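Derivation of every value follows stated rules applied to the coordinates shown; laboratory data play no part. On a predicted model such as this, the values are computed, not experimentally measured, just so you know. Quick reminder, even Gly has a Cβ in these numbers, built from the backbone with ideal geometry, and neighbours come from all protein chains shown.
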Amino acid sequence: MALDAHIPSGPIAEKWDNHRFDLQLVNPANKRKHTAIIVGTGLAGGSAAATLGQLGYNVLSFCSQDSPRRAHSIAAQGGINAAKNYQNDGDSIYRLFYDTVKGGDYRAREANVYRLAQVSTQIIDQCAAQGVPFAREYGGTLANRSFGGAQVSRTFYARGQTGQQLLLGAYSSMMRQVHTGKVKLFPRREMLELVVIDGKARGIIVRNLDSGKIERYVADVVILATGGYGNVFYLSTNAKGCNVTAAWRAHRKGALFANPCYTQIHPTCIPVSGSYQSKLTLMSESLRNDGRVWVPRKTNDTRSPEQIPEDDRDYYLERRYPSFGNLVPRDVASRAAKAVCDEGRGVGKTGRAVYLDFADAIDRDSEQVIRQKYGNLFDMYSEITDENPYKTPMRIYPAVHYTMGGLWVDYNLMSNLPGLFVLGEANFSDHGANRLGASALMQGLADGYFVIPNTLGGYIASEKIDQVTTSHPAFDEAEQQATDRIEKLLSINGSRTVDDFHRELGLVVWDYCGMSRNAEGLIEARRKVQSIRDEFWENVTITGTLGGVNKVLERAGRVADFMEFAELMMVDALTRDESCGGHFREEHQTEEGEARRDDENFAFVSAWEFTGVGQNPILHKEDLIFENVHLTQRSYK
Amino acid sequence: MSLARRLKAITEFFSKSQPVETNEEKSHSENMNLTLKVWRQNGTDDKGEMVSYSANDISPEMSFLEMLDVVNDQLESESIEPIAFDSDCREGICGMCSLVINGQPHGPGSGTTTCQIYMRSFTDGSTITIEPWRAKAFPITRDLCVDRSAFDRITQAGGYVSMNTGSAPDANSIPIAQDLAEEAMDAAACIGCGACVASCKNASAMLFVGAKVKHLNILPQGQPERQKRVAAMVDSMKEEGFGNCTNEYECEAVCPKTISADHIGFLNRDYVKAKISGQ
């Protein structure tokens, strides 16, 4: 299979404009003859549904929650980047592009990233016009703050609830299209199979999570905007319902999965407190604007933070990275935290935490100013930990947060399966091996508001799409696959619960494919994943039946897919014999412990083809060609 | 999974990448034994009943939903159908979790969602009742889960600014005073959980509707459709079977985002203006 990313020719700044002109158009009167299925209603899926509905397409929108407004984009706190340069501090489209490619450790596709930076400015206009209540300066203009990996202030925000406000903006636009009849909502549906007819994605099989019924839907194209796979780790900052099922089912039907080993471990989360822990809570990266990260200088220092004098503290980020200080990118900050904890200098009852201290900022700016900026985050911290972060430093530790890998897509955001488009976190294309803060919201909305409305038209106008209905044999076959699998799960009647298996899987993935990886461990982990999976299919217990609400069955299906997916992660991490971004191979580091890339041999996207459960997948490489950014060792010193 | 096994797993989890000795987990003496009285209902048409369960060895550090996870894990391992409840983000923003705990939507404490309640708020030996949101417009789908799609339909009636993608002017061309933006944000912070409805004896959705109307109707972007919006949303609210406000302020008291009941006053004033002008 030859992978063609369909990157338009010409200078990088002109590619998108040229491409939009080259794409064939669908006549407005003809748009109403075409239907798009969109799975997922987060920033990417919600904005796509709204925009495609406005253009006149018929949209069928699916989500697993009881309302599209609850998609996990809602939990994003800190902000959204855009190259507006409202602060006059030297920002530009090119700088946002450059920072993103560099931040991704040179493993992203240049053309996609440049387009992302280009449309970023329109996103802010769009959202402001919808009534998103962004933070403002006294004069009424938009306020900005800075975020990790950048030296300019280009992050727009709405308190600590930016994701919520942007999602509600997209959701409200989408509701307007529901009102006009162009978008039909199918909440509480989980996609179980992709239907492929004559090599093209033409429909989906879903389970209605309220009635338990299996349903079929047909369309001209299928768009997946189903988020990331962070919950393969069991503990992550993702919502409990986040899963890889839709993407994995598409992968099993032929869609290539790209760079699954690229996962982002966010440096500022509330540490694990006990074995019952069901999820981890993120503290926005924006806190690093004012908080200083430190640990005691000595190992096993059990004094309370207030008792540790200045000389006995190690502000290790400021020490190691004087120019970026506490604002180094996430992968760098996470590894540095792990390193000091591995040295025995971690704090808190588990020793797996570092301090994030606001004392200096409160002295400088007053408690009131800090409360204004971060009040809701401080409240959240004290609710969870029962401690007052205005008086004592927060304790934080890295946690799984975002996944840069995803289904492979070309410049049009279409996978190798014609008619299957993938948007937002579910695709792989823009963040390389590490995502910069406040870029996920930007990408989700760029894909949904500004990219797919153009590229979808290009596909529909130029491709011959036959008339099919849900009585096509491919639908029978896909539905049979979905029901067989559910019946098999329900018939096992074993003795271990679904969560028990999920936790065990998560520990293996975290230990061997988390913040650092090595060849020996990955080989061992692959074997472990296989054996957990074998036991799962023999010994899991699932109560209830196929009919009606069955939350255990829902989780079981997702965990079963994570078990297959985790193996691909290990294979990918083992194959990528270099360190880059969030993928840190212990064998490849500089003397100072920084990630050492191997551009000569690994400047490519790994796109994996499914060959069967437990079988070796086939690797397809998309070479990454850098015509604009010069590859260097990333330095934040 | 037994508690012992779980403790073993977590100890391994920490020791794996960690050379230093850790302190023991909190002693078991602090842990609590509780009785839960939980609403069980097998589908919308079932009559439903309260069923008692014991929740043993519960750590005060657990969240309320983690406590239910532990109880469910136990039920599942005994092949008893676990208690169905909704939750997703578990950090207080998605609006999915929706339990009435000891008669209080979102449980004890103010300004928190169910997922942000911690077991340290309860005492050893106590009995906790857990029920779903109860309102005609929110039918129960199973046990503690309800269908809140009525909120989506109210939003469809007018909870938006009609503006197509691509037609926006530069964001800074619409200056908005900082305090106005903050005021809009206060209202926009609503997570659509429906606790306001669950707490109200009339099952009124006026706090939910008021918050959305306030958010959009005070901003310049919302002016062109100001009257149409408020009329359509209030009419839709009535059609969905939500009641009217009789000034009990229960909604404000239970709102996890402390949305002010003043928005209901704003809603009423804007609604009257809209109706007078013929909307």
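So how do B:Y160, A:Y411 line up by other beta-carbon neighbours within 10 Å, fewest first?
Taking fewest neighbouring Cβ atoms as first place, the list is A:Y411, B:Y160.
Across peptide A:269-277, how many C-beta atoms of other chains are within 10 Å of each residue C-beta, on average?
Counting other chains' Cβ atoms within 10 Å and averaging over A:269-277 gives 6.
Along its principal axes, what span do the Cα atoms of segment B:175-232 show, with the longest given first and each in whole Å?
40, 24, 13
For a quick check: sort A:T470, A:T226 by the number of other beta carbons within 10 angstrom, fewest at the front.
Listed from fewest to most nearby Cβ atoms, that is A:T470, A:T226.
If you wrap a convex hull around the Cα atoms of segment A:162-284, how much volume per residue is inside, in Å³? Mind dumping the intermediate values first?
Working: hull volume 18.5 nm³, N = 123.
Per-residue hull volume (Cα only) is 150 Å³.
Where the centroid of each part is defined by its Cα atoms, how far is segment B:208-224 from segment A:215-231 in Å?
That distance is 33 Å.
Which angle from 0 to 90°, rounded to the nearest 10, does the C-alpha axis of helix A:93-103 make with the longest principal axis of chain A?
For A:93-103 against chain A, the angle is about 80 degrees.
Which of rounded, prolate, oblate describes segment A:402-512, given a ≥ b ≥ c as roots of the alpha-carbon gyration tensor eigenvalues and a/c under 1.5 marking rounded, otherwise prolate only if a/b is larger than b/c?
It comes out oblate by the Cα gyration axes.
Given N residues in segment A:95-224, what is Rg(Cα) / (2.2 N^0.38 Å)?
1.41
Output needed: percent of Cα pairs per 5 Å distance bin for segment B:114-269, bins running from 0 to the one holding the longest distance.
Percent of Cα pairs in each bin: 1, 9, 16, 19, 18, 13, 9, 7, 4, 2, 1, 0, 0.
Gap in Å between the Cα centre of segment A:541-620 and the Cα centre of segment A:357-410?
That distance is 29 Å.
Kindly state, to the nearest 0.05, the FRET efficiency for A:N88 paired with A:V369, given R0 = 30 Å and r defined as their beta-carbon distance.
0.85
Just to confirm a number: summing +1 for Lys and Arg and -1 for Asp and Glu over residues other than A:L209 whose beta-carbon lies under 15 angstrom from that of A:L209, what do you get?
+2
About the Cα centre, and with charges only on the beta carbon of Lys, Arg (+1) and Asp, Glu (-1), how big is the dipole of the protein assembly as shown? Nearest 20 debye, please.
1980
Taking the dipole about the Cα centre of segment A:252-331, with the C-beta of Lys and Arg at +1 and of Asp and Glu at -1, give me whichever of A:N300, A:N289, A:P329 is farthest to the positive side.
Of the candidates, A:P329 comes out farthest on the positive side.
Return an integer: the convex hull volume of the alpha-carbon atoms of chain B, in Å³ per residue.
On the way: hull volume 52.3 nm³, N = 279.
Dividing the Cα hull volume of chain B by its residues yields 188 Å³.
Which trypsin sites (Lys or Arg not before Pro) in segment A:161-217 sit in a loop by DSSP (not H, G, I, E or B) and have at most 16 other Cβ atoms within 10 Å of their own Cβ?
Taking segment A:161-217 and a limit of 16 other Cβ atoms within 10 Å, the loop trypsin sites (Lys or Arg not before Pro) found are A:K213.
Excluding B:T258 itself, what net charge comes from residues whose Cβ is under 10 Å from its Cβ, given Lys and Arg +1 and Asp and Glu -1?
Here the count lands on -1.
By DSSP, what percent of the beta bridges with both residues in the protein assembly as shown are antiparallel, rounded to the nearest 5? It would help to have the intermediate numbers written out before the result.
Values: 60 of 84 bridges.
Approximately 70 percent, going by the DSSP bridge assignments.
If Rh is defined by the Kirkwood formula over all Cα pairs and Rg also comes from Cα, what ratio Rg/Rh do you get for segment B:126-189?
A ratio of 1.20.
Give me the log10 of I(q) over I(0) for segment A:334-392 at q = 0.13, 0.16, 0.25 Å⁻¹, as the Debye formula computes it from C-alpha points; what are the numbers?
-0.43, -0.62, -1.00
Specify the angular offset, from 0 to 90 degrees and rounded to the nearest 10, of the alpha carbon long axis of helix A:473-491 from the longest principal axis of the alpha carbons in chain A.
That helix lies at roughly 50 degrees to the long axis.
Sequence-distant or interchain residues sharing an amide H contact under 5 Å with A:T155, placed H: which?
Those lying under 5 Å, H to H, from A:T155 are A:R145.
Take the alpha-carbon positions of the protein assembly as shown, form their convex hull, and give its projected area averaged over all directions (one quarter of the hull surface) in nm².
34.2
Based on the mean of other Cβ atoms within 10 Å per residue, sort peptides A:606-614, A:513-521, A:93-101 so the most packed one is first.
A:93-101, A:513-521, A:606-614
Between segment B:236-267 and segment A:281-316, what is the C-alpha centre distance in whole Å?
Here the answer is 44 Å between Cα centres.
Count charges around B:S121 for me, please; just the other residues with Cβ under 13 Å from its Cβ, Lys/Arg as +1, Asp/Glu as -1.
Numbers: positive: B:R120; negative: A:E383, A:D386, B:E61, B:D124.
Neighbourhood net charge equals -3.
Apply the a/c threshold of 1.5 to the C-alpha gyration tensor of segment A:1-93 and tell me whether it is rounded, prolate or oblate.
Working: a/c = 1.88, a/b = 1.09, b/c = 1.73.
Because a/c hits 1.5 or more and a/b fails to exceed b/c, segment A:1-93 counts as oblate.
Counting only helical runs of four or more DSSP H residues, what would the 222 nm mean residue ellipticity of chain A come to if each run contributes -39,500 (n - 2.57) and the total is spread over all its residues?
That calculation yields -11500 deg cm²/dmol at 222 nm.
Run a plain Debye calculation on segment A:555-637 (Cα atoms as equal point scatterers, no solvent) and give log10 I(q)/I(0) at q = 0.18, 0.22, 0.23 Å⁻¹, rounded to two decimals, same order as the q list.
Those come out to -0.88, -1.09, -1.14, one per q.
Enumerate the whole-percent occupancy of each 10 Å bin, from 0 to the last occupied one, for all C-alpha pair distances of segment A:456-581.
Final binned percentages: 11, 31, 23, 21, 13, 0.
Would you please name the trypsin sites (Lys or Arg not before Pro) within segment A:356-412 that are DSSP coil residues with at most 15 other C-beta atoms within 10 Å of their C-beta?
Passing sites in segment A:356-412 are A:K391.
Looking at segment B:30-87, which trypsin sites (Lys or Arg not before Pro) are DSSP coil and have at most 13 other C-beta atoms within 10 Å of their C-beta?
For trypsin sites (Lys or Arg not before Pro) across segment B:30-87 that sit outside H, G, I, E and B with at most 13 neighbouring Cβ atoms in 10 Å, the list reads B:K47.
Considering only Cα-Cα distances, which of the following residue pairs are longer than 31 Å: A:K240/A:K373; A:K184/A:K240; A:K240/A:K349; A:K31/A:K551?
Table pairs above 31 Å Cα-Cα are A:K31/A:K551.
Give me the Debye-computed log₁₀ of I(q)/I(0) at q = 0.13, 0.24, 0.34 Å⁻¹ for segment A:432-478, equal point scatterers on Cα only, no solvent, two decimals.
Here log10 of I(q) over I(0) equals -0.60, -0.86, -1.10.
Please compute the average number of Cβ atoms from other chains found within 10 Å of each residue's Cβ in peptide A:176-182.
4
Report, in degrees rounded to the nearest 10, the 0 to 90 angle that the Cα long axis of helix A:43-55 makes with the longest principal axis of chain A.
The angle comes out near 40 degrees.
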